[in-house]
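Laboratory data are not the source of any read-out in this text; all were calculated from the coordinates shown. None of the values given here were measured: they were computed from a predicted structure. Glycine also receives a Cβ, built like all others from the backbone with ideal geometry; neighbour counts cover every protein chain displayed.
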Amino acid sequence: MKYYGIKLTSFPFHKLVSGSALVILASVGASSAAHQPSSNYLDTRTYIDDRSSTVSLLHSYYNAIARQEYLRAFSYIEHGAQPPTAEEFQKFADGYDHTVSVKVKIGEENGDGGAGTVWYCLPVALEATLDNGRKQVFSGYYQFMQESAAAQQMWPFVPLMITKGDLQLSHRPFEESVPASCNPDP
């Protein structure tokens, strides 16, 4: 499967999160709560939109998903030169139809800069709980891109963006599914 620059392999929905050995629980639904690094639970009544780091970007992404603000979550993903269609967005939002919650565990971030652009990569493990009670574990990575803010002189400004996700179904327990590292090509 490929969505908007994000390659999702055997992954029925689109989830992201960041940090170093960080675990976040995002529950989909208006009355749900999500675990975050700075406190035990994130009150989903709180709107979080912070693109200052990969950790904060992915925290914001999960905040949007937990609050069922799928258009906001969709905006954190780099879509290329052509704007996405309404059908592409609907397919993205529909990917959450049966998702009740997701736990995400993050490995060590790595980055590579060059010519005013920095690429970041985060190895991740995800455990999704579906509305039928079934749990699925995925393992892989997410890639991000940040163009130098100082080098950007033309509208529109391009913030830190999610550019790629590559996740595979894992046969290991969630706690053991974070890859040791990731070295994707930008």
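What is the local net charge at Thr129, summed over the other residues whose Cβ is closer than 11 Å to its Cβ (Lys, Arg +1; Asp, Glu -1)?
Once all neighbours under 11 Å are counted, the net charge is +1.
Taking the highest mean first, how do the peptides 111-120, 159-168, 55-64 order by number of other beta carbon atoms within 10 angstrom per residue?
Ranking, from highest mean packing down: 55-64, 159-168, 111-120.
What's the ranking of 46-54, 124-132 by average number of surrounding C-beta atoms within 10 Å, highest first? Don't skip to the end; give the middle numbers.
Details: 46-54: 14.6, 124-132: 18.9.
Going by the mean number of other Cβ atoms within 10 Å, highest first, we get 124-132, 46-54.
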